[in-house]
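See below for the structure under consideration.
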Amino acid sequence: MVSRVIPVEPFDLVIFGGTGDLAMRKILPGLYRRYWAGQLPEEARIVGASRHDMPDEEYRATIREAIEEFAIEGGDDAEKIEGFLKLLSFVAVDATGERGWPELAGKIRDGVIHAYYFSVAPRLFGDLAERLHGHKMAGDDTRIVVEKPFGHDLGSAQDLNATLRRYFAEKQIYRIDHYLGKETVQNLMAVRFGNILFEPLWNALYIDHIQVTVAETVGVAGRGTYYDRAGAMRDMMQNHLMQLLCLMAMEPPHHFEPDAVRDEKLKVIRALDPAQPEDIVRGQYTGAEGIDSYAVDVGDEKSTTESFIAMKLHISNWRWKGTPIYVRTGKRLKARASEIAVVFKHPPHSIFGHKANERRGNVLVIRLQPNEGMNLRVTIKEPGPGGMRLIEVPLDMSFAEALGEEAAEVPDAYERLIMDVIRGDQTLFMRGDEVEAAWGWVDPIVARWEEDGDRPQLYQPGTAGPEESLMLMYREGRRWRDIEE
Ligand code: BG6
């Protein structure tokens, strides 16, 4: 099976922060892969912009290295890389001054799509936007792309939104949450709304609980300064896990189009009950042999920031009232594994005797990474004579197995999202009110920790997080699924 690639319209894409980490690891390798796949037209132009002076040739050489490290595709890479590099150029600009702007403006062509990627500190957003307008580089159809962290709390997110909206309409602002670009996250919508099978059961009448796990093995070394101010709550929960939760819980939008989807997501966030202290467990990893502790990684032995968080949540609406949703995410856990598990209730009456109900019933697992796929556990009769013995078997669908390795090859989230920017499709981007609503829910929780001087529980690297997080479920007769690759 070969996937269809439809080339996008010609565009000028300027990446502010064009020599930064994100540009090198994700944005440019992602664009290269799309070029390799035939999705970028030859008339596309990509301009890297940053403070540093750098001739085009040096920029291209740097990008070549980044591609070789992060994006090698196949046998014809050498030739393709040459072709891709020809689309690139570089301009040194000052975000807060006038240096480089006339030159940059000279590169912007009429009659093509214009997109500006703000891969820079949020405090520069206003300066960049002002200069784009001042130099007549922005019109009604210009798109700007911004990254998380989108604010540090509700107030700062509102300020950022206000700054951007002074210069651009909401339909021009693309706020990236790269989890929305992950293939299986989109599949969550396809599975829910493309089948009749699940949706009738997708509510508190039939679902016992839902568990969402985003587990990482990496620590925070190298980005300690940012992370220690954020913690797992702001770094992962407020955005990535919140988005997963929304897609999992939202009502069917009337159409798969940006505002219809985002309206439904917003309703989920607004229906979230305030989280109670007894339903939250924060953790921080200790050191182990050859592994530094969190405190060492961030250079502050008194840090009270969490590198792990587990929570029990409730969505107060007709669909979900009474079905708890457990979420957890953390660094330095035993495996890199992310999944959403929907655990259905038992059948109302067992004709096979009470033993049958000791089973956990049907579980639908949507695996986000690695080994993207789905797994539905069902109960069947154990084959053979000797009475009616029930066993559970998985109906397992690894996308690689079902579709073939090539078709199931999952593009990086950034590839998909950047192409959506060029296509002008905001469905998988966060709207300003969604981001603010998410902060509005997070802020009181964080404020309470600060007031109470709350300290995270310590956990060993390579585990499933602090014991207390297991208790969140045990105390209610439930258990987390194992974290395994
Ligand atoms: C980022 C967080 O947004 O997402 C990181 O800042 C985290 O702390 C990363 O490691 C996880 O992304 P992925 O795609 O590797 O699951």
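Read the figures in this text as sums done on the coordinates, not as results from a lab. This one's a predicted model, so the numbers in the text were calculated from it and none came from an experiment. Cβ: placed from backbone, ideal geometry, glycine included. Neighbour counts: every protein chain shown.
Taking a ≥ b ≥ c as the square roots of the Cα gyration tensor eigenvalues, segment 45-147 comes out prolate, since a/c reaches at least 1.5 and a/b is larger than b/c. Would you mind calculating the gained length between residue 460 and residue 484 on full extension (0.36 nm times residue separation, minus the Cα-Cα distance), in nm to one decimal? 7.0 nm is the gain from fully extending residue 460 to residue 484. The HN-Hα couplings worked out from phi for segment 263-279 by the Karplus form 6.51 cos²θ - 1.76 cosθ + 1.60 (θ = phi - 60°) are 4, 5, 5, 4, 5, 5, 4, 5, 8, 5, 5, x, 6, 8, x, 6, 9 Hz, whole numbers, x standing for Gly and Pro. DSSP bridge analysis restricted to the chain gives an antiparallel fraction near 55%, rounded to the nearest 5.
Only Lys, Arg, Asp and Glu carry charge here, each on its Cβ (+1 for the first two, -1 for the last two); on that basis the chain has a dipole of about 1460 debye about its Cα centre. Give me the angle, in degrees from 0 to 90, between the Cα long axis of helix 413-423 and the longest principal axis of the Cα atoms of the chain, rounded to the nearest 10. With both axes taken from Cα atoms, the answer is about 50 degrees. Modelled this way, with points 7 Å down the Cα-to-C-beta line, the labels at residue 96 and residue 471 are 4.8 nm from one another. Amide H to amide H distances under 5 Å link residue 54 with 92, where only residues 5 or more positions off or on other chains count and H is placed in the peptide plane.
Pairs of Cα atoms in segment 89-157 fall into 5 Å distance bins, from 0 up to the last occupied one, in shares of 3, 14, 26, 26, 16, 9, 4, 2 percent. Averaging 1/r across all pairs of distinct Cα atoms in segment 11-88 and inverting the result yields a Kirkwood radius of 12.4 Å.
When shorter helices are ignored and each DSSP H run of at least 4 residues is given -39500 (n - 2.57), the per-residue value for the chain at 222 nm works out to -9500 deg cm²/dmol. Taking the Cα centre of segment 287-395 as reference, the dipole from Cβ charges on Lys and Arg (+1) and Asp and Glu (-1) amounts to some 700 debye.
Based on the Cβ-Cβ distance from residue 251 to residue 345, what FRET efficiency comes out when R0 is 25 Å, to the nearest 0.05? With R0 = 25 Å, the Cβ-Cβ based efficiency is 0.75.
Let's test the formula: R0 of 51 Å, r as the Cβ-Cβ distance of residue 452 and residue 43. What FRET efficiency results, to the nearest 0.05? Efficiency, rounded to the nearest 0.05: 0.30. Using the Karplus equation 6.51 cos²θ - 1.76 cosθ + 1.60 (θ = phi - 60°), what ³J(HN,Hα) coupling, rounded to whole Hz, does each residue of segment 29-40 give in order, writing x for Gly and Pro? Residue by residue, segment 29-40 yields x, x, 5, 4, 4, 5, 5, 4, 7, x, 8, 8 Hz. In segment 229-386, taking the dipole from charged Cβ atoms about the Cα centre, the farthest positive-side position among 322, 383, 309 is held by 383. Near the amide H of residue 175, within less than 5 Å, lie the amide hydrogens of 146, 430, all on another chain or at least 5 residues away, with H placed in the peptide plane. Over the chain, the ratio between the Cα radius of gyration and 2.2 N^0.38 Å evaluates to 1.04. Between the residues 52, 96, 78, the greatest Cα displacement towards the positive end of the dipole of segment 43-143, with unit charges on the Cβ of Lys, Arg, Asp and Glu, is found for 96.
Here the Karplus curve 6.51 cos²θ - 1.76 cosθ + 1.60, taken at θ = phi - 60°, turns the phi angles of segment 56-62 into couplings of 3, 4, 5, 4, 4, 5, 5 Hz, with x standing for Gly and Pro.
Database remark: amide H of residue 338 closer than 5 angstrom to the amide H of 215, 368, 369 (H placed geometrically; neighbours at sequence offset of 5 or more, or on other chains; Pro and chain starts carry no H).
Each part reduced to its alpha carbon centroid, segment 138-183 and segment 414-431 end up 12 Å apart. Using Cβ point charges alone (K and R +1, D and E -1), the dipole size of segment 1-88 about the Cα centre works out to roughly 380 debye.
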